[in-house]
Amino acid sequence: MREILIKGQLNKFQSFSDFADEFQLGERDLLFTNQFLYDEFMEEKGKQCQIVFQEKFGAGEPSEEMITEIFRNIKEDSYDRVIAVGGGAIMDIGKLLSLKRTGTVHELFFKEAEVIREKQMIAIPTTCGTGSEVTNISVAIVKDANGDTTKLGLVSDLLIPQEVCLIPELLITLPYKPFASSAIDALIHAVESYLSPARATMTSELYGVKAMELILEGFRRIGEEGPKARLDYLEEFLTASCYAGIAFLQAGCATVHAMSFPLGGTYGVPHGESNYALFGKVLEKYDAIKPEGKIAELKKTIARILGGTEEDALKNLAALEERILHLKPLREYGFKESDIEVFADSVIEHQQRLVTNSYVPLTKELIKEIYRECYE
Ligand SMILES: NC(=O)c1ccc[n+]([C@@H]2O[C@H](COP(=O)([O-])OP(=O)(O)OC[C@H]3O[C@@H](n4cnc5c(N)ncnc54)[C@H](O)[C@@H]3O)[C@@H](O)[C@H]2O)c1
Ligand SMILES: [Fe+2]
């Protein structure tokens, strides 16, 4: 059993400036970020680096084309360290920039090019969701052999950043909606890894439960006091998303992520939101099909944190989440009835690394049933 605690070095700083002093930034550092983050937090201490803004290459989550353009514009021999400051999208691209360019982006994602790490990677998250700062995955929107668009994860331990720096103040500018969807994503990481049937470890359980405690306490405060309550709790949300990343690095994500990837790839639904659209229904199905075992433990844990009975735990969780972010049916994201069949095929064909972690065997029929029930 793989019991890696944390592969990289985990650091916490009060400010970007403290980080810059400690890491002695210089001209061989590639600072990959967003302009608005740079202007707000990094202008003074980041200016000696080579600075590249992601938005110059298009909006939204990383795609094959976007990463190809980024590779074309940033010379491989022009930097020794990558400092990725941003949400999951920026950190995932940063991970790719730390690799030797052994093939095209398409070849990398379809496992036709070797993964070799060449540069040091420093990950600084500015959302509280993906946990990408500690994980061995980089996710991108790609086109498969049929020309269909989906999201694929490139998985390799060589992608785990060597240095992780948590700087809670960087989240102050994060608007409520991306904050909420990223926090729900982190909660889903914690839950999917907790329920992972074969790969859950002592470490994943410990970190997963702690992440759930922190996130649900934060949600409870927001539910009672409103969105501003998050601002006094940003450090906890950032810590929790990192813990959830450590949990799923070991135990893996599962059904929710597998089924959300075609949705994100085709309709550009933000990652956390597309997961959220499926999460409640997936848990309901798990509970209906296999109520004994780990889901009973999960319900106990949720009831302990939120109050209420174990029986009502999933319902209470859904009600609390609804106060954080309104749950929309898939059709409101552009999902069509005909997608049910096509997306189910795509999940089976491309997402086996996630499908195998499902709490109950994930058949095509079950996938279709969940999509259908989330559709209306
Ligand atoms: N590698 C992994 O382990 C892993 C895990 C889950 C998801 N992902 C990937 O991560 C991406 C999603 O990441 P995300 O949820 O962090 O969203 P994101 O990186 O797409 O960011 C969401 C939005 O918030 C903005 N933003 C980020 N930080 C901000 C800040 N501090 N202030 C103001 N605005 C800010 C971004 O510019 C963007 O518009 C997806 O591409 C997903 O596939 C990766
Ligand atoms: Fe996720």
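The values are calculated or read from the model by the stated rules, or taken from the named source; none is laboratory data. Given the structure is predicted, the values throughout are model-derived calculations rather than measurements. Neighbour counts are summed over all protein chains in view; Cβ atoms, including those assigned to glycine, are modelled from backbone coordinates with ideal geometry. Heavy atoms of the whole protein, side chains included, go into the accessibility calculation; ligands, DNA and RNA do not. Shrake-Rupley method; radii C 1.70, N 1.55, O 1.52, S 1.80 Å.
I'd like to know if segment 58-72 contains one or more residues that are of a type in the set (Ser, Thr, Tyr) and touching a Leu at 6+ places or on another chain (Cβ under 7 Å).
No: segment 58-72 contains no residue that is of a type in the set (Ser, Thr, Tyr) and touching a Leu at 6+ places or on another chain (Cβ under 7 Å).
For segment 171-195, how many residues meet the condition of being of a type in the set (Ser, Thr, Tyr), more than 14 Å from ligand 2 (Cβ to nearest atom) and either within 17 Å of Leu249 (Cα to Cα) or modelled with pLDDT under 95 (or both)?
Filtering segment 171-195 for residues of a type in the set (Ser, Thr, Tyr) gives 173, 176, 181-182, 193-194.
Now narrow it down to the ones that are more than 14 Å from ligand 2 (Cβ to nearest atom): 173, 176, 194.
Pick out the ones that are also either within 17 Å of Leu249 (Cα to Cα) or modelled with pLDDT under 95 (or both) and you get 194.
Within segment 171-195, residues that are of a type in the set (Ser, Thr, Tyr), more than 14 Å from ligand 2 (Cβ to nearest atom) and either within 17 Å of Leu249 (Cα to Cα) or modelled with pLDDT under 95 (or both) number 1.
The set of residues in segment 258-291 being part of a helix (DSSP H, G or I), within 12 Å of ligand 1 (Cβ to nearest atom) and in contact with a helix residue (DSSP H, G or I) (Cβ under 7 Å, 6 or more places away or on another chain) consists of Ser260, Leu263, Gly264, His271, Gly272, Glu273, Ser274, Asn275, Tyr276.
Among residues of segment 269-280 that are closer than 16 Å to Ala140 by Cα and among the aliphatic types (A, V, I, L, M), those with a beta-carbon under 6 Å from a residue that is more than 11 Å from ligand 1 (Cβ to nearest atom) and at pLDDT 95 or above at least six positions away or on a different chain give the pairs Val269/Tyr333.
Residues in segment 19-40 that are open to solvent by 40 Å² or more (accessible area, probe 1.4 Å) and in contact (Cβ under 8 Å) with a residue 40 or more places away in the chain: Arg28, Phe36, Glu40.
Check segment 241-257 and report whether any residue there is part of a helix (DSSP H, G or I), open to solvent by 30 Å² or more (accessible area, probe 1.4 Å) and not assigned by TED's automatic domain parsing to the domain that holds Gly131. Talk me through it step by step, then tell me what you get.
Going through segment 241-257, the residues part of a helix (DSSP H, G or I) turn out to be 241-251, 255-257.
Restricting the remaining residues to those that are open to solvent by 30 Å² or more (accessible area, probe 1.4 Å) gives 243.
Keeping just the survivors that are not assigned by TED's automatic domain parsing to the domain that holds Gly131 gives 243.
Checked segment 241-257: at least one residue is part of a helix (DSSP H, G or I), open to solvent by 30 Å² or more (accessible area, probe 1.4 Å) and not assigned by TED's automatic domain parsing to the domain that holds Gly131.
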